There are 4 protein chains.
Amino acid sequence: MTESQPLQRVGVYGASGYAGQDVVRILAQHPHVEIAFATSDNYAGEPVPATDLQYIPHDDASLSAVDVVFLALPHGASARRAATASAHGVKVIDLSADLRLDSAESYQRWYSATHPHPALLATPYGLVEVNRALLHGVDMVAVPGCYPTATLLGLYPLLRAGVILPDAPIIVDAKSGVTGAGRAPKPHLHFPEVYGNLTPYAAGRAHRHVGEIEQEIGKLDADAGALIFTPHLVAVDRGLMTSIYVHLKPDFPADDAPTLYRRAYDAEPFIDVLPDGAQASFKHVVHTNHCAISLTPVNGRYLHITSVIDNLVKGAAGQAVQNFNLMCGFAETAGLC
Amino acid sequence: MTESQPLQRVGVYGASGYAGQDVVRILAQHPHVEIAFATSDNYAGEPVPATDLQYIPHDDASLSAVDVVFLALPHGASARRAATASAHGVKVIDLSADLRLDSAESYQRWYSATHPHPALLATPYGLVEVNRALLHGVDMVAVPGCYPTATLLGLYPLLRAGVILPDAPIIVDAKSGVTGAGRAPKPHLHFPEVYGNLTPYAAGRAHRHVGEIEQEIGKLDADAGALIFTPHLVAVDRGLMTSIYVHLKPDFPADDAPTLYRRAYDAEPFIDVLPDGAQASFKHVVHTNHCAISLTPVNGRYLHITSVIDNLVKGAAGQAVQNFNLMCGFAETAGLC
Amino acid sequence: MTESQPLQRVGVYGASGYAGQDVVRILAQHPHVEIAFATSDNYAGEPVPATDLQYIPHDDASLSAVDVVFLALPHGASARRAATASAHGVKVIDLSADLRLDSAESYQRWYSATHPHPALLATPYGLVEVNRALLHGVDMVAVPGCYPTATLLGLYPLLRAGVILPDAPIIVDAKSGVTGAGRAPKPHLHFPEVYGNLTPYAAGRAHRHVGEIEQEIGKLDADAGALIFTPHLVAVDRGLMTSIYVHLKPDFPADDAPTLYRRAYDAEPFIDVLPDGAQASFKHVVHTNHCAISLTPVNGRYLHITSVIDNLVKGAAGQAVQNFNLMCGFAETAGLC
Amino acid sequence: MTESQPLQRVGVYGASGYAGQDVVRILAQHPHVEIAFATSDNYAGEPVPATDLQYIPHDDASLSAVDVVFLALPHGASARRAATASAHGVKVIDLSADLRLDSAESYQRWYSATHPHPALLATPYGLVEVNRALLHGVDMVAVPGCYPTATLLGLYPLLRAGVILPDAPIIVDAKSGVTGAGRAPKPHLHFPEVYGNLTPYAAGRAHRHVGEIEQEIGKLDADAGALIFTPHLVAVDRGLMTSIYVHLKPDFPADDAPTLYRRAYDAEPFIDVLPDGAQASFKHVVHTNHCAISLTPVNGRYLHITSVIDNLVKGAAGQAVQNFNLMCGFAETAGLC
């Protein structure tokens, strides 16, 4: 791969949402990309930040102008665009939930809708640090959700090593900045309602990401217990933390966890296992594609893990570009910081 | 007035908006008040914070159950309720803009609508520190707007003394917390759009409060120049600052201003003229009915005044209760802090 | 008890800290209190907000001028003042950690210091909803810590009923506004460091409140497992949430928990068990003495509890006044909202 | 200039302060830079974010290792380092106030200190859009202050055209995020003191930047009146707004201002004159090197200008790199967004 390689022509659907804006912002600085279009039905005609483009309606975009599309559309709408783009020979990086689950049944359960293109459910799950071998050179990828990304990266070394106590619940107390809830104004997201507040939502097992997280946990450790997952809305714009509490097998001392994690992630450019005693915070990762992880062994048998990402970067746009880099054969870190 | 006086039965229309919520919160602690009802069409049936009541629709409220009503309704709607309540012999404290302007022409100009009850435009303007003599025992009052309250209290000693240079512009750079924009969700008030931001709006002479402020300035000093008024939206929930810049007459040294202000406001329970060198900030006043004022003479000829209030208390609900106290013959500070 | 009862003369030590400020603010509105003095070594001579007083140095305060003192001093200093005040026949309400633990050994372990007055460790623990019967008319009380208050109120109905699975860990993921860290400026509490951030600290079992919480849990349920406790610093000024995850005994269905909690707290003026499906948030409680609790049963065997308070009110100053009311025979809610 | 040009070896002094951190962050992504060292006495030994370096003490840095140094040091200390570096043949980009003023008398007046190296006061003032012709290929530059940058860019087209009414005051109501106050913790910058607050400081003509701004105004328009300048501390991390109010000469209609500004800044890569009616806000510029300007003509004779920058980028580190690019012959926008 050299600098003289021709630029990839890229289109971004849903480019006015928060994830879409970050896709554009990152691609605008990417050394191997030319942005061909950025779509938005709501903001058509307005300038696209960080570019010289104007938003165009989704249906005005020409697939023949691009090599790759990023889909930052609502679930349901996204699968249809993915199918169309694929039929035109265009590579697809889908940031929605439409391609993440493995079966139409699961999709029906968590999204209360019939999947429009079940064949697309075979699309690989783009959690690069776990599935890198499956992602080189593919034509379509499902970018993981924000909570699943932080949760799965926080659990991966334990799951792979098989050291979590079977059937013990995996407790995830999660916190997200408000961009995670999207750009559409709603009463509970009105500035004065959020300012100074902190609120749980979709507590227990109600959040849609429970299905996605348990699906991926199950592939790595079939004996893992149920997920108990409570997300909270935090009064900041970006940042996502999963605070994970697990019970370990008797033969795996909690104090061995730091070494296990350092080995697992030593070569990863975007995963930072913090020094013992340090605690991962939003400031470690916002505006970057990094995931910071800190570990606190408790009483020898329990492990408390804090896994932090920028919900819009590693949790969406940055991870999407990381997948794009793998698809196109670029350096995995190209355009990312 | 004694503790044994019967309680005033009070109704609050529009009690789910931010100003209405604060009216209820203050009245719930008021020693001489019994809240009879709190209306909200949008939140009917839900509990009213700080009370044992539930919101009822506006039209379900019974005027025969109350002695006084507070109207925290949108302009246009408010004048109609005021006329009806008055016809039932119920006292009216109107927090909307409907009763503040002196003529139907002015209302048409600034609110782009025909006034529904022009006779009500004779209602006294409830800026207590300026108009106290007019407000004792009246049956209806127009509570001043938030920006007019801070601006007029900041200028009053100068206007009354006639020391502002004729025809020189009065520059007011204002800043308000987001509750000032109301409770209805809008794209530009969505949490992530406001967070970390600071933005001017309605700059120059576009804001509706320009008409109200100039009307009241003109009554105190007919020679005063035009208002240049730029409000800004600040990423906090409550607080309002007017930063005022005036050119003084040659025979009034700017350094005499602090004494002028202290004399004007010495006996006022809610106006705090800060010591020389101190600067008025949101923290001086939020959650109180106070207005804090600081003064900076510049080069002998100019005065920079900072006048700060809580936009929902002294700028709305608190000032409304202050007027209520005057109307009913209670201590002016009853129920207020 | 009538309005004509003589006022209690009250002194506040450490009145310039955040908890001390709130003690003064609440007492200034209390119907049965006259504030005699407010001490601060750092701010001596400056005005005390919400009063006409000036701060005086701790050593200038006269115990003969008061019936009761509130101590909002650092641990270590507080026990000495408590002993002195008690010797003068003055009632003591201590907001520090000095009187909370039951043994000098425990104090040594968690505070790394020899307790200066071990006899004071017999002082009753002022968690009113749990220990009310022990608190009427006493002369000294230890006000519980902020995290212990929210955690213990969140667990109390389960502990009293004995329905938590023995030896299963009790996981508490806690979040606090920054006033909980005190008023002294520190690098990690500098505005730009906290703004936009969220950070765990003292994770696992390192926080001093672990000792206090486990001590009180043990009195209610001797079989309860170890506490796993991770507090987080949230970028707001006030508010404290404990997110509690417990494993229940097989014979207690998680779905029975809401009824258990409603019965336990039905008559409590300051405890709000929210309707099923609602989630407790900072907005439910800030600037009040209330504790809001929401419950999420999971898979029949686990219970997720969210317990929220204002760290400075129910978590400090308000609970202190609630204890003061009990000590003096006033209505428990006097001066509180 | 080609990609094959050797990298400039750069050292950053004072790299742990907020401006220094942003210098490092920008240089780490700069295509023509290799960072040789980053100094900090307070954080020596700790990792330097966005690099593989560790902070070293100022005195451990080797000037022979670098071609250029950025000085992000306190005033006083900076001039000494500048003189030393220059004596070693190293180019200097100074972000402090030490090289900005034109005379030792002015420095004495505004900084209350004798200038340590008055000969350095001949250093060119690096406000690129005004002084570009003076800045190509120089060996030392004084990077303008944050408030002067926004104020002067906001006024430049008017000053150059000579259309401001002589002797009329130029009123600047300014607002800055808290990083502008530096990284050292102080009581008034403690998180809970700033949160929810807005406060003026150094009002009137007390702020040190008054001297710098008036010096540069005077070079462009000798008849301009006095500056009235009140900065405010805003509860966000970054962003700086100057709200400027000027009185125009009778023969220059305020409505002609937008055309004047568009012509002046048409070719500037970092200056954005917003469309009529739009208002410049923090969101237009934070994390970029841009200055956004909006214009509101008032009554034909007055102009209200809003000029906004990121105080750490265009107001410090970004503008420093812009100067670096000019010094070294790189594209002016290299490494900047």
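The values are calculated or read from the model by the stated rules, or taken from the named source; none is laboratory data. All values derive from a computational prediction rather than experimental measurement. FYI the Cβ positions are ideal-geometry reconstructions off the backbone, even for glycines, and counts take in every protein chain you see. Surface accessibility is based on the protein's heavy atoms, side chains included, excluding ligands, DNA and RNA. Shrake-Rupley method; radii C 1.70, N 1.55, O 1.52, S 1.80 Å.
Which residue pairs have Cβ atoms closer than 7 Å, lie 6 or more positions apart in sequence or on different chains, and pair a first residue in the range A:185-200 that is more than 7 Å from every other protein chain (Cβ to nearest Cβ) with a second residue that is surrounded by fewer than 22 Cβ atoms within 10 Å (Cβ to Cβ)?
A:Glu193/A:Pro187
Taking the range D:201-250 as the region of interest, how many residues are closer than 30 Å to B:Lys283 by Cα, among the polar types (S, T, N, Q) and more than 8 Å from every other protein chain (Cβ to nearest Cβ)?
Counting residues in the range D:201-250 that are closer than 30 Å to B:Lys283 by Cα, among the polar types (S, T, N, Q) and more than 8 Å from every other protein chain (Cβ to nearest Cβ) gives 1.
Conditions: (1) under 18 Å from B:Asn323 (Cβ atoms); (2) within 14 Å of chain C (Cβ to nearest Cβ); (3) of a type in the set (Ser, Thr, Tyr). B:Tyr13 meets all but one. Number of the miss?
Exception for B:Tyr13: condition (2).
Go through the range D:139-170 residue by residue and tally those that are of a type in the set (A, V, I, L, M, F, W, C), part of a loop (DSSP other than H, G, I, E, B) and in contact with a helix residue (DSSP H, G or I) (Cβ under 6 Å, 6 or more places away or on another chain).
1
Working only within the range A:114-138, note down all residues that are surrounded by fewer than 21 Cβ atoms within 10 Å (Cβ to Cβ), outside any helix (DSSP H, G or I) and in contact with a strand residue (DSSP E or B) (Cβ under 9 Å, 6 or more places away or on another chain).
Correct list: A:Pro124, A:Val138.
Tell me yes or no: at least one residue of the range D:45-64 is within 14 Å of another protein chain (Cβ to nearest Cβ), of a type in the set (A, V, I, L, M, F, W, C) and in contact (Cβ under 8 Å) with a residue 24 or more places away in the chain.
yes
Just one of D:His232, D:His207 is surrounded by fewer than 22 Cβ atoms within 10 Å (Cβ to Cβ), closer than 30 Å to C:Leu189 by Cβ and touching a strand residue (DSSP E or B) at 6+ places or on another chain (Cβ under 7 Å); which is it?
On inspection, the qualifying residue turns out to be D:His207.
Would you mention how many residues in the range C:290-327 are free of Cβ contacts under 8 Å to residues at least 40 places away in the same chain and outside any strand (DSSP E or B)?
2
In the range C:146-165, which residues are open to solvent by 40 Å² or more (accessible area, probe 1.4 Å) and more than 17 Å from C:Ala267 (Cα to Cα)?
Result: C:Ala161, C:Leu165.
Step by step: first the residues of the range A:166-177, then only those that are farther than 20 Å from C:Val172 by Cα and surrounded by fewer than 24 Cβ atoms within 10 Å (Cβ to Cβ), then the one that is farthest from the other protein chains (Cβ to nearest Cβ). Which residue is that?
A:Pro166
Tell me, which residue of the range A:171-184 that is in contact (Cβ under 8 Å) with a residue 60 or more places away in the chain and in a loop (DSSP other than H, G, I, E, B) is farthest from A:Ala226 (Cα to Cα)?
A:Arg183
Out of curiosity, is A:His284 in contact with a strand residue (DSSP E or B) (Cβ under 6 Å, 6 or more places away or on another chain) and closer than 24 Å to C:Ala226 by Cα?
no
Give the residue that is nearest to the chain's Cα centre (by Cα), with candidates limited to residues of the range C:63-89 that are open to solvent by 50 Å² or more (accessible area, probe 1.4 Å) and of a type in the set (Ser, Thr, Tyr).
Checking each candidate, the answer is C:Ser86.
For the range A:290-299: of the residues being under 18 Å from C:Ile171 (Cβ atoms) and open to solvent by 30 Å² or more (accessible area, probe 1.4 Å), which is farthest from the other protein chains (Cβ to nearest Cβ)?
So the residue we want is A:Pro297.
Condition first: under 21 Å from D:Phe330 (Cβ atoms), open to solvent by 40 Å² or more (accessible area, probe 1.4 Å) and modelled with pLDDT under 95. Can you find one or more residues in the range D:39-50 that meet it?
yes
Residue check: is C:Thr259 within 21 Å of A:Gly204 (Cβ to Cβ), β-branched (Val, Ile, Thr) and open to solvent by 10 Å² or more (accessible area, probe 1.4 Å)?
yes
Restricting attention to the range D:300-337, report how many residues are among the charged types (D, E, K, R) and open to solvent by 10 Å² or more (accessible area, probe 1.4 Å).
2
Table: residues versus (1) over 18 Å from B:Tyr125 (Cβ atoms); (2) more than 20 Å from the chain's Cα centre (by Cα).
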site	(1), (2)
B:Pro200	yes, yes
B:Arg205	yes, no
B:Ala222	no, yes
B:Ala226	yes, yes
B:Ser243	yes, no
B:Ala278	yes, yes
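State whether the residues of the range D:267-289 include one that is open to solvent by less than 10 Å² (accessible area, probe 1.4 Å), outside any helix (DSSP H, G or I) and free of Cβ contacts under 8 Å to residues at least 24 places away in the same chain.
No, there is no match, as no residue in the range D:267-289 is open to solvent by less than 10 Å² (accessible area, probe 1.4 Å), outside any helix (DSSP H, G or I) and free of Cβ contacts under 8 Å to residues at least 24 places away in the same chain.
Within the range B:104-113, restricting attention to residues that are in a helix (DSSP H, G or I) and without any contact (Cβ under 8 Å) to a residue 60 or more places away in the chain, which residue is farthest from B:Arg80 (Cα to Cα)?
Taking the candidates together, the pick is B:Glu105.
From the list C:Val143, C:Val92, exactly one residue is open to solvent by less than 20 Å² (accessible area, probe 1.4 Å), aliphatic (A, V, I, L, M) and closer than 30 Å to C:Arg262 by Cα. Which is it?
Testing whether each residue is open to solvent by less than 20 Å² (accessible area, probe 1.4 Å), aliphatic (A, V, I, L, M) and closer than 30 Å to C:Arg262 by Cα leaves just C:Val143.
Only one of these is polar (S, T, N, Q), more than 18 Å from D:Ala203 (Cβ to Cβ), assigned to a strand (DSSP E or B) and modelled with pLDDT of 95 or more: B:Thr199, B:Thr242. Name it.
Residue meeting the stated conditions: B:Thr199.
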